[in-house]
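Reviewing the structure listed below.
What follows is calculated from the coordinates using simple rules that are stated; it is not laboratory data. Since the structure is predicted, the reported quantities are computational estimates derived from the model, not experimental observations. Glycine also receives a Cβ, built like all others from the backbone with ideal geometry; neighbour counts cover every protein chain displayed.
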Protein chains: 2
Amino acid sequence: MGARNLPQLSLLSLPSGCGGRWPEQVCPSCGAAAMRICGSTADASLARLETLAEPLMLEPGAVLIREGDEAPYVFNITSGSVRVFKRLPNGRRQINGFLFRGDFLGLAVGNTYVFTAEAMERSSLCRFRKAAFRALIRDDPPLEHALLNRISHELAAAQNQMLLLGRKTAIERLASFLLDLPNYDLSRPAGAGRVRLPMTRGEIADYLGLTIETVSRMVTRLKTQGVIRLISQTDLLVERPDLLRAHANGDL
Amino acid sequence: MGARNLPQLSLLSLPSGCGGRWPEQVCPSCGAAAMRICGSTADASLARLETLAEPLMLEPGAVLIREGDEAPYVFNITSGSVRVFKRLPNGRRQINGFLFRGDFLGLAVGNTYVFTAEAMERSSLCRFRKAAFRALIRDDPPLEHALLNRISHELAAAQNQMLLLGRKTAIERLASFLLDLPNYDLSRPAGAGRVRLPMTRGEIADYLGLTIETVSRMVTRLKTQGVIRLISQTDLLVERPDLLRAHANGDL
DNA sequence: CGCAGTGTTGAGACGCTTCAACTCACGTGG
DNA sequence: CCACGTGAGTTGAAGCGTCTCAACACTGCG
């Protein structure tokens, strides 16, 4: 690698992504607009970016990125949701994150994608050629800083997840997950104590390093203890946030 | 956060850090030189950087960074090794990475360090005020790109670790670890098949999400199977790399 | 109404942890 | 120089938490 060689730009936003709420004027139609959520206000660049964006529509289950493939693109989600995961040769799956509107993805090492990404529901995305995206970023320092900042948040989130996977019990994992969940999809805020579970039990299990059955049992346990109440399969109410936090910290 | 606000620059190099070997003219005396390993050759910047660096010497076990503290500094290791970890309230520890010469650390979110870092042996580091470091990077695009590249490698490494922690068995974890280990400390390359274990069993356990005893048992199992041979407590020889890889992939 | 996909619940198996005893390497002082 | 102490590592036996396998319940849809 020569000195003038640009490093590959490679991004992935994990759930805790942006780390803060973004202005509501964000438009879901194009990646250019979505970039605004990163804090970049270089409008000249945004205009230029718009010319680079290729809009994309995906059906549920559609594969967006395949681990090991060549990585010419960076993506930005403009609506819907995406799961990002890796697989072991024997089929076991670890979901690394759930991505929503405004999140970037396309993490690559040596021009190869390091994970697979699939749409969880009908989703729209914007696609950028990495080279063009990279060039744009180079000319827009605030944008690059914003991206760096964003990746830092991701790294912090990844480290929290390592702590969870390596050292927490099943109930602690679920409790932590339920506490974090509201921060995932900021574009669809829930009411106080209200938690949306837009993913299946299987996906939760593969995210928490557990099995479907264990997740189900732990949900039941929290329900029995009066910590949460199930509105439907995909919606629940946290009745005792204090107890949920206690569980997440291993105090129970 | 206003638009002109710079995001906090926040870095942590995980073991697989740089992803490639660096030129051997790297000098262990100062962070400025260490930066060269990132691929930046902007010598004007390097000269300026040198004026910003505060050298630091740490004894084994010394705490470099404490999780939750204010985060005014970014560090670069110029010799020795550092362990980076998080703790649960009940004391359980998850080691997120082992860092060596050339690695940066100082990951923060909202101006607060997100992990604790301790010297594993007598180590020297260079310390930079984050603000100064940040300003320098802003004026040195190749440097910033190099850092972005580096962080991308870290994120990829973090995702591999999530897969390991969430979905691999004890023997698979150890095998994966032994295969990765040679890439950690590139400044002290080992001979072919030779693996140095500069950390204790307890540290390996806390890195792999296991207990000391399990790590010990798995080492014994690999030894019994003729996959590895122990030279000493801290040095071993991989006799059957093929079998080790098979174990890491869960094929055995 | 019946089917398929998703979620729940129970019983038993399995793998890792826990607890405890023992070994080994190393440094220190008698 | 050896006895001793200490911290790290190993090994064994028992316990426990999660997984596996299997049956059943629920929901949505043709």
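Quick notes
- Other protein chain Cβ atoms within 10 Å, averaged over every residue that makes up B:85-92: 5
- Residue-wise HN-Hα couplings along the stretch B:200-212, as the Karplus relation 6.51 cos²θ - 1.76 cosθ + 1.60 with θ = phi - 60° gives them from phi, are 6, 4, x, 6, 4, 4, 6, 7, 9, x, 10, 9, 3 Hz; Gly and Pro carry x.
- Taking every residue in B:137-146 and counting other chain Cβ atoms within 10 Å of its Cβ, the average works out to 4.
- With R₀ fixed at 30 Å, the C-beta to C-beta distance from B:Glu239 to B:Glu121 puts the FRET efficiency at about 0.60.
- Dipole of the stretch B:68-151, positive direction: furthest Cα of B:Gly102, B:Asn90, B:Gly68, with charges on the beta-carbon: B:Asn90
- In the assembly of identical copies, B:Leu179 has its label point, taken 7 Å from Cα in the direction of the beta carbon, separated from the corresponding points by 3.5 nm (ascending, one decimal).
- Greater than 26 Å apart at Cα, pairs in B:Lys86/B:Lys130; B:Lys130/B:Lys168; A:Lys86/B:Lys223; B:Lys168/B:Lys223; A:Lys130/B:Lys86: B:Lys130/B:Lys168; A:Lys86/B:Lys223; A:Lys130/B:Lys86
- Point-to-point label distance, B:Leu88-A:Arg194, nm (Cα→Cβ direction, 7 Å offset): 3.2 nm
- Relative contact order [Cα under 8 Å, 6+ residues apart], the stretch B:168-248, whole percent: 39 percent
- At full extension, B:Thr112 and B:Ala135 could sit 6.4 nm farther apart than now, given 0.36 nm per residue minus the alpha carbon distance.
- Label zone at B:Arg229 (point 7 Å along Cα-to-Cβ), backbone N below 19 Å, the stretch B:191-212: B:191-197
- Taking Lys and Arg as +1 and Asp and Glu as -1, the other residues whose beta-carbon sits under 14 Å from that of B:Leu174 total +2.
- Under 10 Å, Cβ to Cβ, from B:Ala248 - net charge with Lys/Arg +1 and Asp/Glu -1: 0
- Inter-copy label distances at B:Arg87, shortest first and taken from points set 7 Å along Cα to Cβ: 4.1 nm.
- Packing-based exposure ordering (other Cβ within 10 Å, fewest first) of B:His247, B:His153: B:His153, B:His247
- Sites B:Thr220 and A:Asn183, calculated FRET efficiency, Cβ-Cβ separation with R0 35 Å, nearest 0.05: 0.20
- Taking only the Cα atoms of the stretch A:168-248, the radius of gyration and Dmax are 11.5, 31 Å.
- Starting from the label point of B:Ala135 at 7 Å along Cα→Cβ, the same points in the other copies fall at 3.3 nm, in ascending order.
- Net charge of Cβ neighbours under 14 Å - reference B:Val238; Lys, Arg +1; Asp, Glu -1: +2
- Note, ³J(HN,Hα) from phi for the stretch B:178-190, Karplus 6.51, -1.76, 1.60, rounded to Hz, x at Gly and Pro: 5, 6, 7, 3, x, 7, 5, 9, 6, 6, 10, x, 9
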